[in-house]
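Colleague: Before anything else, here's the structure in question.
None of the figures in this text is laboratory data; all of them are computed from the coordinates on show. It should be emphasised that the depicted structure is a prediction, and the values quoted were computed from it without experimental measurement. Positions of Cβ are backbone-derived with ideal geometry, glycine not excepted, and every protein chain shown enters the neighbour counts.
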Amino acid sequence: MDKLVIEGGIKLKGEVTISGAKNAVLPILAATLLTDDACIIKGVPDLRDTNTMIKILRSLGKDADLENGIVSVSSLKKTNCVADYKLVSTMRASFCVLGPLLGKFKKAKVSLPGGCVIGVRPVDLHLKGIRALGTEVNVESGYVIAKAKELKGSHIYLGGVYGSSVLATDNVMMAAVLASGKTVIESAACEPEVEDLAEFLIKMGAKIKGHGTPIIEIEGVRHLHGASHTIIPDRIEAGTMMLAALITRGNILIKNVFYKHLGALIDRLEEAGALMTKTENTIHMRYRGQLKAININTLPYPGFPTDMQAQMMSLMSVTPGISVITEKIYPDRFMHVAELNRMDARIQREGPHAIVEGREELSGAPVMASDLRASACLVLAGLAAKGKTSISRIYHLERGYENMEEKLEKLGAKIWREKE
Ligand code: EPZ
């Protein structure tokens, strides 16, 4: 296995172009199961997770290839409707093949996704939604076995203990587009990636209104045809690069970003004293002097994204003052706290809160990545720390950031790979 080594203390300067959004492309690739026609998906990042989803599509009978950011999907042979454990267990998002398989074939056998370090990751809302559409659901030996004589539109409240669910909204939407009659999803997830999925489904002939708001209305149709679609930029990668500029006291022009997708992050950074200039699809982040500590609560979109919580913790670790970070989506999403403390951060965990006492500077150290966004947080900390940081298990980083080290190197970072 490789580890990433960073010599910290260098101000990052220059331009970076953001890749397509991982959390949009995964459900959109799954949505190609809803038609036998060919589909072309552009702006696809070359990531572990996108390649895992391509493998799953192939295991379900599709022909799919990623070349120069473009995935072309077509139907090879009769689709089988079994998504097996060995693939689903490597990537939880594969559970979003359930909805399209049910929508198109009225049956599906999908392995229950494992939990992961950020939380138990239940699927009760997914099952509640498809049952409401008339599906018979059994859970046997780690598989969800679903079948329906006919899918009928229904009014479904999909809010859970922690608010709306992104992939549950995706799954229910992809089952409902081919159901008979009207479906209303109440307390739907409003994330831009859910909106992007809906846009792709509409291009395939689906009738959807209200996507991007808490109430989505779907009028079932009989058939969906192939379509081509370009994935929206990855707002979490963009946010991570914005923090890279601030934590290294640098100056980065971030291209291919929709700032309207980053309202909560921009609001908190401006509250902390950061100044940035924005156009339709660029954000120029320049360090303009010491920031002040702020508090963060993660919430469903448009609230502060949980996927930026760990990265923000790195920035607050070197910002004078006390910052309280409260994780309301995944209360256990704090594996990065111990690793940051190894770098001389001063962070105390109290249940769903992390109390961060900002330090003058962090010191480089050997640390271990535990999940995708924790690995991004450790990269940011390493870029700012004095001395050398080595991050092991960086396959976590490769799941969701395309060519991260090349992008950082081009911005002046001293970053390289070594064998573990
Ligand atoms: C999506 O996961 C993202 N993944 C996650 O990004 C992201 O952190 C999460 O949404 C929240 O924004 C993809 O889109 C592939 P949820 P998802 O269902 O859909 C609870 C990353 O780093 N819940 O919106 O699986 C759940 O436990 C990843 O890119 C239920 O209770 O998350 C959590 O507390 C990590 N029952 C909350 O809802 C359910 O049936 C939100 O989870 C489903 C979820």
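Colleague: Order these by the 10 Å Cβ neighbour count, fewest first: Cys377, Cys81, Cys116.
Modeller: Ordered from fewest to most neighbouring Cβ atoms within 10 Å, Cys377, Cys81, Cys116 come out as Cys116, Cys81, Cys377.
Colleague: Give me the Debye-computed log₁₀ of I(q)/I(0) at q = 0.14, 0.17, 0.22 Å⁻¹ for region 9-101, equal point scatterers on Cα only, no solvent, two decimals.
Modeller: One equal scatterer on each Cα of region 9-101 leads to -0.49, -0.67, -1.07.
Colleague: Under the √(5λ) rule applied to the eigenvalues of the Cα gyration tensor, what semi-axes describe the equivalent ellipsoid of the chain? Give them in Å, descending.
Modeller: 38, 21, 20
Colleague: Once you've got the Cα coordinates, tell me which of Lys386/Lys419; Lys3/Lys42; Lys78/Lys149 are over 25 Å apart.
Modeller: As for pairs spanning more than 25 Å Cα to Cα, those are Lys3/Lys42.
Colleague: So what's the back-of-envelope 222 nm ellipticity for the chain, counting only DSSP H runs of four-plus at -39500 (n - 2.57) apiece and dividing by all residues, rounded to 500?
Modeller: Taking each H run of at least 4 residues, the total per residue is -9000 deg cm²/dmol.
Colleague: Given Cβ point charges of +1 (Lys, Arg) and -1 (Asp, Glu) and nothing else, what value in debye, to the nearest 20, does the dipole of the chain about its Cα centre take?
Modeller: For this selection, approximately 400 debye.
Colleague: If you build a Gaussian network model of the chain, linking Cα atoms that sit under 10 Å apart, which residue out of Thr279, Thr326, Thr52 swings the most?
Modeller: Thr279
Colleague: Test of the criteria: in region 158-243, which trypsin sites (Lys or Arg not before Pro) are in a DSSP loop and have at most 15 other Cβ atoms within 10 angstrom of their Cβ?
Modeller: When the trypsin sites (Lys or Arg not before Pro) of region 158-243 are filtered for loop state and at most 15 Cβ neighbours within 10 Å, Arg222 remain.
Colleague: Answer with one residue from Gln290, Leu397, Cys116: the one whose Cα lies farthest towards the positive end of the charge dipole of the chain, charges on Cβ with Lys, Arg +1 and Asp, Glu -1.
Modeller: It is Cys116.
Colleague: Please work out the Cα center distance from region 273-348 to region 77-147, rounded to the nearest Å.
Modeller: A separation of 33 Å, based on Cα centres.
Colleague: Let me ask you something else. Using only alpha carbons, build the gyration tensor for region 283-365 and give me the equivalent ellipsoid semi-axes, biggest first, whole Å.
Modeller: They are 19, 17, 11 Å, listed largest first.
Colleague: Just Ala385, Ala310, Ala272 to compare: in a GNM of the chain, with alpha carbon springs under 10 Å, which one fluctuates most?
Modeller: Comparing Ala385, Ala310, Ala272 in a Gaussian network model of the chain, the most mobile one is Ala272.
Colleague: Then there is this: Quick check: Cα centre of region 182-206 to Cα centre of region 1-31, how many Å?
Modeller: 26 Å
Colleague: Also: Select from Ile70, Leu60, Ile28 the residue farthest towards the positive end of the dipole of region 1-135; place +1 on Cβ of Lys and Arg, -1 on Cβ of Asp and Glu, and compute about the Cα centre.
Modeller: Result: Leu60.
Colleague: In region 206-288, which GluC sites (Glu not before Pro) fall in coil by DSSP and have 13 or fewer other Cβ atoms within 10 Å?
Modeller: Passing sites in region 206-288 are Glu280.
Colleague: Quick one: go through region 224-268 and flag any residue whose amide nitrogen is under 15 Å from the point 7 Å out along the Cα-to-Cβ line of Glu15.
Modeller: 252-257
Colleague: On the principal axes of its Cα set, how long, how wide and how thick is region 22-230? Give whole Å, largest value first.
Modeller: 40, 36, 31
Colleague: Which of Ser323, Ser390 comes first, and how do the rest follow, when ranked by fewest Cβ neighbours within 10 Å?
Modeller: Ser390, Ser323
Colleague: About the Cα centre of region 1-129, how large is the charge dipole given +1 on each Lys and Arg Cβ and -1 on each Asp and Glu Cβ? Please answer in debye to the nearest 20.
Modeller: Dipole of region 1-129, to the nearest 20 debye: 480 debye.
Colleague: For the chain, give the share of DSSP beta bridges that are antiparallel, in percent and rounded to the nearest 5; count only bridges with both residues there.
Modeller: Taking every DSSP beta bridge with both residues in the chain, the antiparallel ones total about 75 percent.
Colleague: Counting other beta carbons within 10 Å of each Cβ, put Thr213, Thr183, Thr35 in order, fewest first.
Modeller: Thr213, Thr35, Thr183
Colleague: For a label point 7 angstrom out from the Cα of Arg121 toward its Cβ, which stretches of region 358-396 have the backbone nitrogen within less than 14 Å?
Modeller: Flagged as within label range: 370-374, 396.
Colleague: Roughly how many debye, to the nearest 20, is the charge dipole of region 22-230 about its Cα centre, given +1 on each Lys and Arg Cβ, -1 on each Asp and Glu Cβ, and no other charges?
Modeller: It comes to approximately 660 debye.
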